[in-house]
Each structure stands twice: as C-alpha cells, then as structure tokens.
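Only one structure is covered here, and it is reproduced in the block below.
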Amino acid sequence: MSAPTTHRTSAVEHDAERKVDVRKWALIIIGSILLISLLRVITGANDLDSSGAVAAAFGLAVPIALAGLGGLWSERAGVVNIGLEGMMILGTWSAAFFAYHMGPWMGILGGALGGLVGGLIHAIATVYFGVDHIVSGVALNVMGVGAAKYLASRFFSDLPGGGPTQSPPLDQPPNLSVPYIGDPLLTLERKHIFVVSDLAGIVRGLTTGVSVLTILAIALFALTYWVLWRTAFGLRLRSVGESPAAAESLGVNVYRYKFIGVLVSGALAGLGGAFLSLVASNLYRDGQTGGRGFIGLAAMIFGNWRPGGLLAGSALFGYTDAIRLRAGGASVHAFLLAFAVLLLLVGVYQIVKRSAYVQGGFAIVVAALTAWWYFTTDTVAAELAGTAPYVTTLLVLAFASQRLRMPAADGQIYRKGSGH
C-alpha cells in the first residue's frame, strides 16, 4: 500500500507545483504590462509596447529561442553545446540553398537538415569519441563559418543576384493574421489609453503578419515541454543528463539518448538559422547569425534549463533589441527609469529576505547611478543604446544566478559501463 500512496502524494505535489508556476508566470506577465504602460505614460515613449515594437521583438526573439531550445535538448541529455552558433550558420546557408531551388517550405526543412549535420558531428565527437564538449563546440563553430563561406562562394556566386557572401533573393514563408481585429486594435492603440491601448498594441503585434515559422517555433516549445516532462522518453533523456550511470543500470541506452538529444539540438538551431535567412531577411548573408547561438545559450541558462524560462529570456533580449532598433536612444532612456526602480526593489529584497548585504547593496548603488543617469540626460547615445540587450541579459543572469541548477552530469564524458 505504501507505493501507491507515495505515487499519489508525488502527483499531488507536482500538480501543486504546476499551479504555482502558472500563477507566477501570470503575475510576471501582468506586472510587466503594467510596468511598461506606466513607463509609457510617465516618459511619453509611446513606442515601448506598440504593435510594431512587439512584432519586431517577436522576429528578433525567435532565432534566439530556437537556438536556446536546441541547447536545452542537448544539455538535458548531458552534452554541453556551445556549437549552436555553427549549427545556426549551417542552417542559414542550407535554408537559402533549398529555398532558392525548391521554395520556402523546403527551405525550412533544409535549415533543419543543415543544423542536423552540425549536430551529427558534435554527437559523434562528444558521445562516441569522448572529445571534450567545449573543444568540440568551438571547433564546430569554426567549421560552420568556414563551410558556409565555401558553400556560398561555390553555389551562389554564379546565380542572378547572388555572390560569394550572399544568396539571391528568396521567397519567404507566408505570414498569417487573425482576421477582422487588426484595424480596430490599431485604432484603440493610437488612443494611448493607459493599459487598454497597451494591451491592444501587444495583441495586434502578436496576431498580425506572423510568420508560419514563428508559429512552428511556439509549437516546438510546447512539444518540447510535453516530450521532456510528460513522457517516458523524456524522463529517460533527462535521467541521462542527471546520472548516466544510474540510467544505464536501469536499462537505458545512454549513448542513444545523448545522440538523439544532440541531433534534435542541431535541427532546432538550424531552424533558427533558417528564420534568419527566410524571415528576418529574404536572403543568406555571411555573418548574419551575429552571435545569436551564444545568446540562445545564455537565454537557456537564464531559463534554468526549462522551456518557459528560456522563452522569457529570449523575449527579454528580443524586446530590448527591438526598442533599441525602432526608437534608438529615446526608448532606451525611458527604460533607465524602470531599471532603476527594479534594481532598487531587487536590492531591498536581497537585504531583507536573503540577508545578502553585498549583492543587495550593489544593486541599490547601481539603481542610484541609473536614476542619476536618467534624470541628468534626455537620451542615450546610439553607441551605448546598442549595448542595451546585452547589458540587460548580463544583469538578469547576475541576479538570477542563485537559483540556477544545470543538469548534474552536464558536460561529463561518459563511457559505457563506467558506472559499474
């Protein structure tokens, strides 16, 4: 009788944890909307949550999110993957090649296949040959850059509109919109009513002109959560990342699950590359990943190796980058006030609740300096505004580091039978 009772108890505890997570994320979303709305009213920066800014943030967040999702699959299986950038680069070229010759739908598939090749190389090196994961990832990034340069020069140079560093213009995947609501929401957005117009702008940005690849990315996040946390397959894969010796003692083929995790990782990173060449622009261009594979890795860490947190981290980076690109120093200047208030709250929380006087004091000092910067200036220089997404990511990672927990066996070299 004790085993069923234990099972029921754990199930109840898990359901309670899920309800807490849902409430927590609901509060975060509502609080963020209220904060941005209040900030817009105080500063007059009306582009902070306009439908255009939301749509731009979506476009900038998706490739980062897909790269981070790839990293999550690999690292949950215990394989560190800093080769995401190289996999994305392979995805940008292969997506352009397939899209030019066979259309945008095959371009999406081609991007996944290009990243899959990178994942295959990383899996063979780390899982079967026991190469250090960091060394293999760095080598893969270098290989991806070199391979894409060679392939672009070889296959695009003689095509109309192509060249050694770029592809010809490509057909893009279709965009979808929810019918009948775009114009009414735009009218409501332009009235600048507190909260109401903000919600209208956000909803319009999320429902108008959305690429099918963006919808696919969202579906992949939901599918990842279900597979890794709701199926026996996902339990086995995560157990390999936590304790491969224990998993093997229970009959799990450790090599197979590590291999699958890294292959899926490569395909997802390749899809992120396909988004850059097919949606973010309409061609392949040398260097267009711009380090997004590394940013995706940072977003994954910010998200504590969980899909929901990863999506939030990607959205944060995409949003700060979008407002920087759309309104430049004016919008970034408005956010200085929000950063000052948030840092002050974080500092007080660290001191009162955690007795972390050093961290709390540091946060309060930075909050005071940020507030001084806001009240003594009218804008932020373009050079500094360009660093806003990276500074935001670093600050969030710094203050979230205490709650982070990577898979226990992440990065460890494992040999079959070594646990016996």
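For segment 175-318, the normalised intensity computed at q = 0.11, 0.13, 0.14 Å⁻¹ comes to -0.59, -0.77, -0.86 (log10 of I(q)/I(0), Debye sum over alpha carbons, equal scatterers, no solvent).
Short-range pairs are left out: with C-alpha atoms under 8 Å and at least six residues apart, the relative contact order of segment 218-283 is 17 percent. The string of couplings for segment 137-143 from the Karplus curve (6.51, -1.76, 1.60, θ = phi - 60°) is x, 5, 4, 5, 4, 5, 4 Hz, one whole number per residue in order, with x for Gly and Pro.
Per-atom-type breakdown for the chain gives carbon and sulfur 69% of the accessible area (1.4 Å probe, protein chains only).
Annotation: Cα Rg of segment 286-418 relative to the compact-globule expectation 2.2 N^0.38 Å equals 1.25.
Karplus-derived 3J(HN,Hα) values for segment 261-275, using 6.51 cos²θ - 1.76 cosθ + 1.60 with θ = phi - 60°, are x, 6, 5, 4, 4, x, 5, 5, 5, x, 5, x, x, 4, 4 Hz; glycine and proline are entered as x. Peptides 283-289, 141-147, 221-227, 74-80, ordered by how many other C-beta atoms sit within 10 Å of their residues on average, highest first, read 74-80, 283-289, 141-147, 221-227. Residues in segment 70-75 carry Karplus couplings, in order, of x, x, 5, 4, 5, 6 Hz; the curve used is 6.51 cos²θ - 1.76 cosθ + 1.60 with θ = phi - 60°, and Gly or Pro positions show x. Accessible surface calculations at 1.4 Å, restricted to protein heavy atoms, place segment 238-292 at 32 Å² per residue.
Under 5 Å from the amide H of Leu176 lie the amide H atoms of Gly209, Val210, Ser211, Val212, each residue being 5 or more positions distant or on a separate chain, with H modelled from the backbone and absent for Pro and chain starts.
For Val80, the residues whose amide H sits under 5 Å from its own are Gly411, ignoring neighbours fewer than 5 places away on the same chain, with H placed 1.01 Å from N.
Using the Stokes-Einstein relation with a Kirkwood hydrodynamic radius computed over Cα pairs, the translational diffusion coefficient of the chain at 37 °C and a viscosity of 0.692 mPa s comes to 143 µm²/s. Name the residue, out of Leu116, Leu69, Leu206, whose mean-square fluctuation peaks in a Gaussian network model built on the chain with Cα pairs under 10 Å. With Cα springs under 10 Å in the chain, the top fluctuation among Leu116, Leu69, Leu206 is at Leu206. Working from Cα pairs under 8 Å separated by at least six residues, relative contact order for segment 224-350 is 10 percent.
Magnitude of the charge dipole for segment 24-145, about its Cα centre and with charges confined to Cβ atoms of Lys, Arg (+1) and Asp, Glu (-1), is about 200 debye. When each of the peptides 230-239, 291-300, 95-104 is scored by how many other beta carbons lie within 10 Å of its residues on average, the order from highest to lowest is 291-300, 95-104, 230-239.
The values are calculated or read from the model by the stated rules, or taken from the named source; none is laboratory data. Computed from a predicted model, the values in this text were never measured in an experiment. Note: ideal-geometry Cβ built from the backbone for every residue, glycine included; neighbour counts use all protein chains shown. Heavy atoms of the whole protein, side chains included, go into the accessibility calculation; ligands, DNA and RNA do not. Shrake-Rupley method; radii C 1.70, N 1.55, O 1.52, S 1.80 Å.
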